[in-house]
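The values are calculated or read from the model by the stated rules, or taken from the named source; none is laboratory data. Note that the coordinates shown come from a computational prediction; the quantities given were computed from them, not determined experimentally. Glycine gets a Cβ as well: all are built from the backbone with ideal geometry, and neighbour counts include every protein chain shown.
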Amino acid sequence: MNKSELIDALAARYEGNRKQAAHALESVLDTITREVAKGEKVAITGFGSFEKAVRNARWVRNPQTGERIKSKKKSVPKFSAGKELKDVISGAKKLPKLTAATMPKPPGVRAVAGAVTGTAAKKAAPAKTTASKSTSSGTAAKKTT
């Protein structure tokens with residue numbers, strides 16, 4: 001399953017609203033990525049945890065030439081599966097069938113729109129005006145030069 005197929009599967013839970021499902025997925029992925037990049041551990045109970053692991057410098061071998069090369073120290077993402085995910089994958093635990101009755105209801109469109117217009121719109125407006133000012137001053141500087 002790729003990202004597009006995952007969005008389609010989520011859209012079924014969002015009453016066919018693909019745009020809302022894509023926004024939800026992008027928000028979750030962005031939040032996890034930003035927190036792990038800062039060095040924080042993101043743990044989702046039952047599913048697993050994401051964290052930043054440091055891989056020390058070491059000697060590696062080029063498979064084509066056999067030459068030994070020193071690799072640099074670097075940070076890599078690490079995922080550890082949670083107990084519930086491991087149990088479902090191994091077959092020790094069965095997931096309940098997904099029906100319309102057991103499917104969680106998405107938040108209402110009005111609740112989401114109210115949350116977006118409450119804070120994000122106020123922060124986005126000054127950023128747009130600042131960007132337009134900087135581009136106009138940039139073009140003015142080019143004209144005078």
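Taking into account only those residues within segment 67-95 that are surrounded by fewer than 12 Cβ atoms within 10 Å (Cβ to Cβ) and basic (K, R), which is farthest from A37 (Cα to Cα)?
K94
Which residues, counting only those in segment 6-23, are assigned to a helix (DSSP H, G or I) and either under 21 Å from E84 (Cβ atoms) or over 14 Å from the mean Cα position of the chain (by Cα) (or both)?
L6, D8, A9, L10, A11, A12, R13, R18, K19, Q20
Residues of segment 53-99 being more than 28 Å from K41 (Cβ to Cβ) and in contact (Cβ under 8 Å) with a residue 12 or more places away in the chain, which ones?
Selection gives W59, K70.
Scan segment 57-74 for residues that are hydrophobic (A, V, I, L, M, F, W, C) and outside any strand (DSSP E or B) and jot them down.
A57
Of all residues in segment 6-51, which are of a type in the set (S, T, Y) and surrounded by 12 or more Cβ atoms within 10 Å (Cβ to Cβ)?
Of everything in segment 6-51, those that are of a type in the set (S, T, Y) and surrounded by 12 or more Cβ atoms within 10 Å (Cβ to Cβ) turn out to be Y14, T33, S49.
Considering every residue within segment 41-56, establish whether at least one is in a strand (DSSP E or B) and either in contact with a Leu (Cβ under 8 Å, 6 or more places away or on another chain) or on the phi > 0 side of the Ramachandran plot (or both).
Yes: segment 41-56 contains one or more residues that are in a strand (DSSP E or B) and either in contact with a Leu (Cβ under 8 Å, 6 or more places away or on another chain) or on the phi > 0 side of the Ramachandran plot (or both).
Is one or more of the residues making up segment 27-45 within 21 Å of I7 (Cα to Cα), of a type in the set (D, E) and modelled with pLDDT of 95 or more?
yes
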